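In what follows, a structure is listed as structure tokens, so that the remarks can point back to it.
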Amino acid sequence: MRIVTLVKYVPDATAYRSFAADNTTDRAGVDGLLSELDEYAVEEALKIAEAGDGVEVVALTVGPAGADAALKKALQMGAGAAVHVVDDALHGSDALATARVLAAAIGKIGSVDLVLTGMASTDGGMSVVPAMLAELLRWAQVGFVGELSVSGSLVTARRDGDTASETIEAGLPAIVAVTDQINEPRYPSFKGIMAAKKKPVQTWGLADLDLDPATVGLGAAWSVVREVVKRPERAAGMVVTDEGDGGVRLAEFLADQKFI
Amino acid sequence: MAEILVLVDHVDGQVRKTTLELLTLAARAGEPAAVFLGSGYGAARDTLGAHGAGKVYVVEAGEFEQFLVVPKAEALAHIASSSGAAGVLVTSSPEGKEIAARLAVKLGSGVITDAVDVAADLSTTQSVFAGGYTVTAAVTTGTPVITVKPNAVTPEPAPATPVEEKVAVAFTAAATRARIVDRAPRAATGRPELTEASIVVSGGRGTGGDFAPVEALADALGAAVGASRAAVDLGWYPHAYQVGQTGKTVSPQLYLAAGISGAIQHRAGMQTSKTIVVVNKDPEAPIFAMADFGVVGDLHTVLPQATAEIEKRKG
């Protein structure tokens, strides 16, 4: 069985994030790292690999030169191999172009049974790539999964929605996007960090995937960001210290603001 | 004017408030046309008509309840193509985003997610990077597919008599690949839905695991209850109520954070709230920087006192 985990290299959410002059996410001026939510997908893949025989875990990213840091983290955690799709023409690609590149890379990796990824990236946060990928590959897809098991050629997943908790069965091959409720990602061990240095990382460009550069990138995006405005800092409010009447003063504020 | 399709979010015909918000937004850009998938249309008809749905496409098929997402995306794509609609609005929920993603691929259209406003030309406003930036964007190819966050607009009454069109859809093999084998409705709390509520009261690590004061204040205010990731990870409150990057994003009129320090993870989920009130023992908690009103104090005494005072004022 071969599992591909999609790992995205994102600007650190705790750093100062901003936009480049062309209104794309600034990926150069900020430290990047493996999107935290994708760590859960890597962990889940490793758990499935550890529980079964002959399960191979390949980490896949589409991103700029620095994105190999996300792959490195996945390899240190325990993935066996990695693929980095990098090409200058990819800059500014929208979600659909990204999904097309991922679909082509998954095709080239070959014999993939299961694709695991996080429920969203921590930068764009659209949550649409797994479903787009499924649409392109014509595979089954289950998103926002909090519990997963794989048995034979069947995946069983629990998904907690707004109104109900659902149990879903899908045949392989399938794409599953997991939430942060599914597991507790491991930290790379010293042994894992050392072993990662010897693991294979393949680097592919668009030509390796037979993709036309004109179909990806900012120019080919099907939506456009017209304007980016920094949100004004919230004006400082009033802070009082509770001296036995904190609750009453809170209620007074709410009454003044017509919330009561 | 061309039709703007609104996918109705409902449970057995009980229409969720977000759908009414979408109908209000759709009226800005064209003729609002609702798409009702599944059973229970009879219960939804009057509500949809009262909020401006001049047309309703109804597709009744068991597949919507038996299989995940894909039958809905296929039905919506069929109607979007045949109606010549100028745009499609879907609620920004996990399911809504998956439907929108597939629809965009099927239609060959651009997609925008998590809009907090939609203009007459279908350009959108989004709040990104944990609320740090406001982005104006537009779809440039195909029929714009837009997912809209709850509370983007106040639903406006706009009485219409819906013209109903029953649509039959032939599903593909792809529609039946992910089967729903069990569905357990979430136990009703009697409180408003978290993402739809106009007031949210949330508790964090500072509750020490006791959410009773948070729930009591929420009930006095008619509010939904939320929780920080710390409180959820500690097992104190269910994940369905988590506010933050990995939970729900809320944008209520009033957000009250009790015992929550205000990590970026949490701020990402509530930064666009209109009014923010904070109760925290630690005067250095970063969340105070966002507060319109803050009380430095123990939530276990401040919240019950506030609840009692609110009950007194309500009479």
Inset, instruction - Answer with yes or no whether A:PRO64 is open to solvent by 10 Å² or more (accessible area, probe 1.4 Å), within 30 Å of A:LYS191 (Cβ to Cβ) and not charged (D, E, K, R). - result: yes
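Quickly run through segment A:126-137 and pick out the residues that are touching a Ser or Thr at 6+ places or on another chain (Cβ under 9 Å) and at the interface with chain B (Cβ under 7 Å from one of its Cβ atoms).
A:MET126, A:SER127, A:VAL128, A:MET132
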Inset, instruction - Would you mention how many residues in segment A:110-124 are open to solvent by 40 Å² or more (accessible area, probe 1.4 Å) and facing another protein chain (nearest Cβ under 10 Å)? - result: 1
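Per-residue answers, yes or no, for (1) of a type in the set (A, V, I, L, M); (2) under 19 Å from the mean Cα position of the chain (by Cα):
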{"site": "B:GLY190", "(1), (2)": "no, yes"}
{"site": "B:SER198", "(1), (2)": "no, yes"}
{"site": "B:PRO213", "(1), (2)": "no, no"}
{"site": "B:ALA220", "(1), (2)": "yes, no"}
{"site": "B:TYR237", "(1), (2)": "no, no"}
{"site": "B:TYR241", "(1), (2)": "no, yes"}
Inset, instruction - Kindly check whether there is at least one residue in segment A:97-105 that is open to solvent by 10 Å² or more (accessible area, probe 1.4 Å), at the interface with chain B (Cβ under 8 Å from one of its Cβ atoms) and modelled with pLDDT of 95 or more. - result: no
Legend entry - Count - residues of segment B:17-59 that are within 14 Å of chain A (Cβ to nearest Cβ) and under 17 Å from B:PRO157 (Cβ atoms): 3
Legend entry - Single residue of A:VAL83, A:VAL58, A:VAL62 found to be at pLDDT 95 or above and within 21 Å of A:VAL145 (Cα to Cα): A:VAL58
Legend entry - Condition met for B:ALA80 (more than 9 Å from chain A (Cβ to nearest Cβ), crowded, with 24+ Cβ neighbours inside 10 Å and either farther than 21 Å from B:LYS17 by Cβ or small (Gly, Ala, Ser) (or both)): yes
Inset, instruction - Run B:THR246 past the list (1) open to solvent by less than 10 Å² (accessible area, probe 1.4 Å); (2) at pLDDT 95 or above; (3) at the interface with chain A (Cβ under 10 Å from one of its Cβ atoms) and report the number of the one that doesn't hold. - result: (2)
Legend entry - From A:ASP245, A:ASP256, residue being more than 19 Å from B:GLY131 (Cα to Cα), surrounded by 14 or more Cβ atoms within 10 Å (Cβ to Cβ) and more than 7 Å from chain B (Cβ to nearest Cβ): A:ASP245
Legend entry - Within segment A:158-175, considering residues that are under 18 Å from A:GLY52 (Cα atoms) and buried (at least 17 other Cβ atoms within 10 Å of the Cβ), the one farthest from the other protein chains (Cβ to nearest Cβ): A:PRO173
Inset, instruction - Considering only residues that are outside any helix (DSSP H, G or I) and farther than 22 Å from B:GLU309 by Cα, look in segment B:198-219 and name the one that is most open to solvent (accessible area, probe 1.4 Å). - result: B:GLY208
Inset, instruction - Go through segment A:176-207 residue by residue and tally those that are open to solvent by 70 Å² or more (accessible area, probe 1.4 Å) and outside any loop (DSSP other than H, G, I, E, B). - result: 7
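Would it be correct to say that B:ALA170 is modelled with pLDDT of 95 or more and not in a loop (DSSP other than H, G, I, E, B)? I'd like the intermediate steps shown before the answer.
Details: modelled with pLDDT of 95 or more: yes; not in a loop (DSSP other than H, G, I, E, B): no.
So B:ALA170 fails the test.
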Legend entry - Residues of segment B:281-304 that turn out to be facing chain A (nearest Cβ under 10 Å) and either surrounded by 21 or more Cβ atoms within 10 Å (Cβ to Cβ) or among the β-branched types (Val, Ile, Thr) (or both), as a count: 12
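For segment A:215-232, what are the residues that are within 8 Å of chain B (Cβ to nearest Cβ), in a loop (DSSP other than H, G, I, E, B) and open to solvent by 70 Å² or more (accessible area, probe 1.4 Å)?
Those that are within 8 Å of chain B (Cβ to nearest Cβ), in a loop (DSSP other than H, G, I, E, B) and open to solvent by 70 Å² or more (accessible area, probe 1.4 Å): none in segment A:215-232.
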Legend entry - Where B:SER228 falls short, out of the listed (1) closer than 30 Å to B:LYS72 by Cα; (2) at pLDDT 95 or above; (3) polar (S, T, N, Q): (1)
Inset, instruction - Look through B:ALA308, B:ALA240 and report the one residue that is at the interface with chain A (Cβ under 8 Å from one of its Cβ atoms), in contact (Cβ under 8 Å) with a residue 40 or more places away in the chain and surrounded by fewer than 22 Cβ atoms within 10 Å (Cβ to Cβ). - result: B:ALA240
Inset, instruction - Among the residues of segment A:7-43, write down those that are buried (at least 16 other Cβ atoms within 10 Å of the Cβ), hydrophobic (A, V, I, L, M, F, W, C) and touching an Asp or Glu at 6+ places or on another chain (Cβ under 7 Å). - result: A:VAL7, A:VAL10, A:PHE19, A:VAL30, A:LEU33, A:LEU37
Inset, instruction - Evaluate segment A:125-139: report whether one residue or more is buried (at least 23 other Cβ atoms within 10 Å of the Cβ) and in a strand (DSSP E or B). - result: no
Inset, instruction - With the checklist (1) in contact (Cβ under 8 Å) with a residue 12 or more places away in the chain; (2) over 25 Å from the mean Cα position of the chain (by Cα); (3) surrounded by fewer than 21 Cβ atoms within 10 Å (Cβ to Cβ); (4) within 7 Å of chain A (Cβ to nearest Cβ) in hand, flag the one item B:ARG313 doesn't pass. - result: (1)
Inset, instruction - Kindly provide the set of residues from segment A:143-175 that are part of a loop (DSSP other than H, G, I, E, B) and under 28 Å from B:ARG229 (Cα atoms), ordered by number. - result: A:GLY161, A:ASP162, A:THR163
Inset, instruction - Could you run through segment B:8-66 and say how many residues are more than 26 Å from B:ARG179 (Cβ to Cβ), open to solvent by 10 Å² or more (accessible area, probe 1.4 Å) and of a type in the set (D, E, K, R)? - result: 6
Inset, instruction - Test B:ALA175 against the stated conditions and say whether it is within 30 Å of B:LYS106 (Cα to Cα) and assigned to a helix (DSSP H, G or I). - result: yes
Inset, instruction - Could you look through segment B:138-184, keep only residues that are at the interface with chain A (Cβ under 10 Å from one of its Cβ atoms), among the hydroxyl-bearing types (Ser, Thr, Tyr) and open to solvent by less than 80 Å² (accessible area, probe 1.4 Å), and pick out the one that is farthest from the chain's Cα centre (by Cα)? - result: B:THR172
Inset, instruction - Considering only residues that are hydrophobic (A, V, I, L, M, F, W, C) and assigned to a loop (DSSP other than H, G, I, E, B), look in segment B:97-136 and name the one that is farthest from the other protein chains (Cβ to nearest Cβ). - result: B:ALA120
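The values are calculated or read from the model by the stated rules, or taken from the named source; none is laboratory data. None of these values were measured; they are calculated from a predicted model. Backbone-built Cβ (ideal geometry, glycine too); neighbour counts: all protein chains shown. Only protein heavy atoms, including side chains, enter the accessible area calculation; ligands, DNA and RNA are left aside. Shrake-Rupley method; radii C 1.70, N 1.55, O 1.52, S 1.80 Å.
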